[in-house]
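What follows is a single structure, written as structure tokens, with notes after it.
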Amino acid sequence: MPPEGEAFLLRIVQGVLKHRDELDELIATYAPEWPIDQMAIIDRNILRIALFEFLIGGGTPPKVAINEAVELAKRFGSDSSRRFVNGVLGTLLSQHSTSPSRRQKHQSTVDRE
């Protein structure tokens, strides 16, 4: 893997781990029928990664992160994972504030890591 790929991977993994509680709260809010601990592990982690990328990390446009998450769900999840991941992320994107000030706040947190 090229150094840029390794750096990207490390940033995502460390960011998701650091912000896991916040990410899980968002998932629980937008997927209330599915308790986080009963959700398929792959679906839960795909959601965490996508949310980190476009809400906290701020480096990925939301639609790109959602498309990537759906592709991961198709490849590694169950038959219903694609629809589930797309539904949760789509609902969150349409209802959750992704204002520049929120992104800037989270980006400064990530930059300090």
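The values are calculated or read from the model by the stated rules, or taken from the named source; none is laboratory data. Please read all numbers here as calculations on a predicted model, not as lab measurements. Cβ sites come from the backbone with ideal geometry, for glycine too, and all protein chains shown count toward neighbours.
Please list, ordered by first then second residue, the pairs with beta carbon atoms under 6 Å, 6 or more apart or interchain, first in segment 24-53 and charged (D, E, K, R), second at pLDDT 90 or above and outside any helix (DSSP H, G or I).
Going by the 6 Å Cβ cut-off, the qualifying pairs are 43/77.
Look at residue 36 and say whether it is β-branched (Val, Ile, Thr) and in contact with an Asp or Glu (Cβ under 6 Å, 6 or more places away or on another chain). Steps first, please.
On the way: β-branched (Val, Ile, Thr): yes; in contact with an Asp or Glu (Cβ under 6 Å, 6 or more places away or on another chain): yes.
Yes: the conditions hold for residue 36.
Looking at segment 38-93 only, could you name the residues that are exposed (fewer than 15 other Cβ atoms within 10 Å of the Cβ) and small (Gly, Ala, Ser)?
78, 80, 87
With 15, 5 as the choices, which residue is part of a helix (DSSP H, G or I) and either free of Cβ contacts under 8 Å to residues at least 12 places away in the same chain or polar (S, T, N, Q) (or both)?
On the way: 15 fails: either free of Cβ contacts under 8 Å to residues at least 12 places away in the same chain or polar (S, T, N, Q) (or both).
The conditions single out 5.
Name the helices (runs of 4 or more DSSP H) wholly inside segment 38-113 in which the number of residues that are within 26 Å of residue 7 (Cα to Cα) and modelled with pLDDT of 90 or more is 3 or more.
Values: elements: 41-51, 62-76, 81-95, 100-111.
Helices (runs of 4 or more DSSP H) meeting the threshold: 41-51, 62-76.
Filter segment 21-49 down to the residues that are in contact with a helix residue (DSSP H, G or I) (Cβ under 7 Å, 6 or more places away or on another chain) and either hydroxyl-bearing (Ser, Thr, Tyr) or farther than 15 Å from residue 88 by Cα (or both) and list them by number.
The answer is 30, and nothing else.
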